[in-house]
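Written below as structure tokens is the structure these notes are about.
The values are calculated or read from the model by the stated rules, or taken from the named source; none is laboratory data. Source: prediction; values computed, not measured. Every residue, glycine as well, gets a Cβ built from its backbone with ideal geometry; the counts of neighbours run over all protein chains shown. Surface areas here come from the heavy atoms of the whole protein model, side chains and all, with no ligands, DNA or RNA. Shrake-Rupley method; radii C 1.70, N 1.55, O 1.52, S 1.80 Å.
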Amino acid sequence: MKKSLSFLIISIVLSTLFFGSCASYKKVTYFHNADSLQYKAMQYDAKIMPNDELTITVLTSNPAAAVPFNLSVSNTVGSSGQLTTGSGTLQTYLVNNEGIIDFPVIGKLHVEGLTKNQCEDLIREKVKPYLSETENPIVTVKMSSSHVTIIGETGSTGTVPITNGKLNIIEALAQKGDLGIYGKRDNILLVREDANGQRHVHRLNINKADIFNSPYYYLQQNDIIYVEPNKIKAYNSSIGSSTSILISIVGILTSLASLVVNILR
């Protein structure tokens, strides 16, 4: 009878530990249903927003013809009105709250809501009347200030630049050393600001492969990603990791001692 009872108790303990470890494993791994998910085709192009900084380059077969459209920070205007180009970096253009930039020669251009390619097409058409008919200018627009901010339970925190026009949540987290073991993968907080300055909050779950079909898979400039700590990390931070380990060891030893005493009675 005592052996049957002890065997039952040990079985319950082992089962609890086993299923607990399985649950913990599922919370740590990514993309659970990746093999069965129906993936959607997704095309993403970043849209220009107020307070973005744009670097704009105009190239022509005759370099002198493009000079007025490529102001550098060291350009100066002499007493005779002659523009002198230095060796400085190209001037950036800040998109104001109305979505407008003030471009040399052309004047004010509304660029908010345009993609990089659409902005290039717009400037190209505006520049052509100032050039000879044989010129076909090449316009390059770069959103030079685009970045996202990552904080919380990751390998490191800080900003991640959006260098090629688009950046997804997995790439951004990988650049910051991935999530720590204590990071909540099923409840990542995304704070996004729209063109009107209104902030919206979304929750992302990278435990599931459904993240690949999420409308928030691709990040937008100025997004904030916060990886929350799980309950274990929150508990440990309140009492100290060494204290937590000590309490766990004492608890296990106490349970084992009680089990042995009950079996030997």
Seminar exercise, completed: Residue pairs qualifying under the 7 Å Cβ cut-off, at least six apart or on distinct chains, with the first in region 22-41 being closer than 19 Å to Asn213 by Cβ and open to solvent by 50 Å² or more (accessible area, probe 1.4 Å) and the second being at pLDDT 85 or above and aromatic (Phe, Trp, Tyr), are Tyr39/Phe212
Problem set entry | Top-ranked residue of region 104-119 - restricted to ones that are under 25 Å from the mean Cα position of the chain (by Cα) and of a type in the set (D, E, K, R), ranked as most open to solvent (accessible area, probe 1.4 Å) | Lys116
For this session: Identify all residues within region 91-103 that are within 19 Å of Gly165 (Cα to Cα) and either surrounded by fewer than 16 Cβ atoms within 10 Å (Cβ to Cβ) or of a type outside the set (Gly, Ala, Ser) (or both); write none if there are none.
Result: Thr92, Tyr93, Leu94, Val95
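Residue-by-condition table, conditions (1) among the polar types (S, T, N, Q); (2) modelled with pLDDT under 85; (3) surrounded by 12 or more Cβ atoms within 10 Å (Cβ to Cβ):
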residue	(1), (2), (3)
Ala46	no, no, yes
Val58	no, no, yes
Ser72	yes, yes, yes
Gly78	no, yes, no
Exercise. Which one of Val111, Val141, Val95 is in contact with a Pro (Cβ under 7 Å, 6 or more places away or on another chain) and either farther than 17 Å from Val67 by Cβ or of a type outside the set (A, V, I, L, M) (or both)?
Worked result: Val95
For this session: For Leu122, work out the one condition from (1) modelled with pLDDT of 95 or more; (2) within 24 Å of Asn96 (Cβ to Cβ); (3) within 24 Å of the chain's Cα centre (by Cα); (4) of a type outside the set (S, T, N, Q) it doesn't fulfil.
Result: (3)
For this session: Output yes when any residue across region 165-185 is under 10 Å from the mean Cα position of the chain (by Cα), closer than 30 Å to Arg124 by Cα and among the charged types (D, E, K, R), and no when none is.
Result: yes
For this session: Give the residues of region 137-165 that are free of Cβ contacts under 8 Å to residues at least 60 places away in the same chain, open to solvent by 30 Å² or more (accessible area, probe 1.4 Å) and either acidic (Asp, Glu) or out of contact with any His (no Cβ under 7 Å at 6 or more places or on another chain) (or both), sorted by residue number.
Result: Gly155, Ser156, Thr157, Thr163, Asn164
Exercise. Of the residues Val67, Val95, which single one is at pLDDT 90 or above and more than 30 Å from Asn196 (Cα to Cα)?
Worked result: Val67
